[in-house]
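Colleague: Quick one: structure below, then a few questions.
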Amino acid sequence: MTERLDGPPDPRGDDGDAVAAGSSPGPRTPSAESASDPATGTTPDATGNASDASAGSGTGAAAPPAVPSVATAGPAAPAAAGTPKAPRLGPSPVMAVLFLLPGVVLLGAMVIYPIVYSVFRSLYDAGGENFVGAENYATIFQDASTLTTIRNNLIWVVVAPLLVTTLGLIFAVLTERIRWATAFKLIVFMPMAVSLMASGVIFRLVYEQDPDRGVANAVLSSVRGVFGSGESYPDARPRENDQSPVTAAQGAVVTKGSAKPGQAVLLPLVGVKPADLASAATARPASPGPGELAGTVWFDFTQGGGGQANQVDGTEKGLAGMTVEAVRGGPGGEVAATAVTEADGTFRLTGLSAGDYTLRLPRSNFEASFNGLSWLGPALITPAIIGAFVWVWAGFAMVLIAAGLSAIPRDALEAARIDGATEWQVFRRITVPLLSPVLLVVFVTMIINTLKVFDLVFVIAPGSVQPQANVIALEMWRVSFGGGGNQGLGSALAIFLLVLVLPFMILNIRRFRRDNQ
């Protein structure tokens, strides 16, 4: 049936050759043989012109067989035509340059030009008139103040990034195990919403030495008050006359005579500021019991005049919280009993055997009370500022590490727990190694931030201790604009800081590219 409708298959494969030649399939056309005119005996040639089938008969030569024509879907392509170019995707190069030009101009004006000019300016003196070459760079490593800045920056680079990364890791792990994790993250991350200048002002108040104003010393004073040994009166002293029953001895106060159990002893003192006794109770004499040494330690002064020396008068104040020791064998002997004065200044020494005792108020009663640490002093200023830096950036580290922690496959953690690993082993051998890329990014970012730190040091450190807390960025500003007036050395410090920061920036960029690939 197929042969009747379509004709016999062409043994020469004309259709296949046509398709192979690039023609698209279409309706079949009559071949050259079937298209010949029986009346004239002519057949159309390949160009559609009629040709005489017996054109060469007059010469006696046989006519060559006619080549059948092949139908195509369109005009034949030129033989020498090359491969057509693919159409361009995206904007033209001119359009791309127009869009990139504003960014390139800003980058050049705000980044490239300042760097080039700083390199150029660092080769000149303070006024910019005389060429000095590398003299400014040599000054960085010879001047004592700049060497202090390098030492401080080294402390910052070693301590601050490690603390921030460690606290961020701890906070990120805790947020997975506590309730109200969102509120906890919000509180820890909140300092990131505060500028570094404002954070410096906050911590300048936190580190105030007066416990009534500084939060840090208020906390320390409260803890010491709970575990401390009582009150102290640094200004108290005995009267300097022969009638006084007590005298000073090597920072302590001792009785001039000895006492036996069952006696009452008076220990009068003067020199206490009335403001320190505003809430003190009225002193009263003590009545010893059998085998006891009792007495009173009080402020022997009556405001407005009156009263008798070495006697407890009605309006005089007791000295509470003072330690009293009963010493056997003189002021330097063995301590037999100890007591602490009550609010009214009275005390009782019990458990004493018969004999003579000297009563002593040890020197600890007269040492200045704990008034907080000098956070803003030369010794603690750098650790104090690093603490403020950690407070600001711990939330940033926590958020990044928490994001990496959420991407850790839970099946690895559960498999380790099923195998019998403890939580510490899971954390140390699985969680931390899988988080190492994130931890490295956080650590390197913190190194860059510590090398550039300026605001916190400038605001927190008082002017008197800024030389001890100085860092490279602050020294660069101080030398150039803060009164130094040496922009040559300031430019050299800026280039030196750029050289320190650049390797860490390149490391971070390569890490980001590797992660994106």
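Colleague: Testing Ala309 on (1) part of a strand (DSSP E or B); (2) in contact (Cβ under 8 Å) with a residue 40 or more places away in the chain, one condition comes back false. Which one is that?
Modeller: Result: Ala309 fails condition (1) only.
Colleague: Can you name the residue in region 186-208 that is assigned to a helix (DSSP H, G or I) and among the aromatic types (Phe, Trp, Tyr) and is also farthest from the chain's Cα centre (by Cα) among such residues?
Modeller: Phe203
Colleague: Is region 343-350 home to any residue that is open to solvent by less than 10 Å² (accessible area, probe 1.4 Å), at negative phi and under 53 Å from the mean Cα position of the chain (by Cα)?
Modeller: Looking for residues that are open to solvent by less than 10 Å² (accessible area, probe 1.4 Å), at negative phi and under 53 Å from the mean Cα position of the chain (by Cα), one finds none in region 343-350, hence no.
Colleague: Residue check: is Pro211 surrounded by fewer than 21 Cβ atoms within 10 Å (Cβ to Cβ) and assigned to a loop (DSSP other than H, G, I, E, B)?
Modeller: Considered against the rule, which asks whether it is surrounded by fewer than 21 Cβ atoms within 10 Å (Cβ to Cβ) and assigned to a loop (DSSP other than H, G, I, E, B), Pro211 comes out as yes.
Colleague: Any chance you could count how many residues in region 262-279 are in a loop (DSSP other than H, G, I, E, B) and over 27 Å from Tyr357 (Cβ atoms)?
Modeller: Total meeting the criteria: 3.
Colleague: What residue, of Gly314, Gly304, is over 14 Å from Asp344 (Cα atoms), open to solvent by 30 Å² or more (accessible area, probe 1.4 Å) and not in a strand (DSSP E or B)?
Modeller: Every option except Gly304 fails the conditions.
Colleague: Hey, any hits in region 217-227 for a residue that's open to solvent by less than 80 Å² (accessible area, probe 1.4 Å) and in a loop (DSSP other than H, G, I, E, B)?
Modeller: no
Colleague: Of all the residues that make up region 147-177, how many are within 14 Å of Leu405 (Cβ to Cβ) and of a type in the set (A, V, I, L, M)?
Modeller: 5
Colleague: Let me ask something additional. Would you point out which residue out of Ile430, Ile408 is open to solvent by less than 30 Å² (accessible area, probe 1.4 Å), within 29 Å of Thr182 (Cα to Cα), out of contact with any Lys or Arg (no Cβ under 9 Å at 6 or more places or on another chain) and free of Cβ contacts under 8 Å to residues at least 60 places away in the same chain?
Modeller: When all the criteria are applied, what remains is Ile408.
Colleague: Suppose the filter is among the small types (Gly, Ala, Ser) and under 58 Å from the mean Cα position of the chain (by Cα); does Gly307 pass it?
Modeller: For Gly307, the condition - among the small types (Gly, Ala, Ser) and under 58 Å from the mean Cα position of the chain (by Cα) - is not met.
Colleague: Got a sec? Which helices (runs of 4 or more DSSP H) wholly within region 112-185 have at least 1 residues that are modelled with pLDDT under 90 and loosely packed, with under 12 Cβ neighbours inside 10 Å?
Modeller: 144-175
The values are calculated or read from the model by the stated rules, or taken from the named source; none is laboratory data. Note that the structure is a prediction, hence the values are computed from the model and not measured. Using ideal geometry, Cβ is built from the backbone for each residue, glycine included, and neighbour counts are taken over all protein chains shown. To get the accessible areas, we keep the full protein, side chains included, count just its heavy atoms, and leave off ligands, DNA and RNA. Shrake-Rupley method; radii C 1.70, N 1.55, O 1.52, S 1.80 Å.
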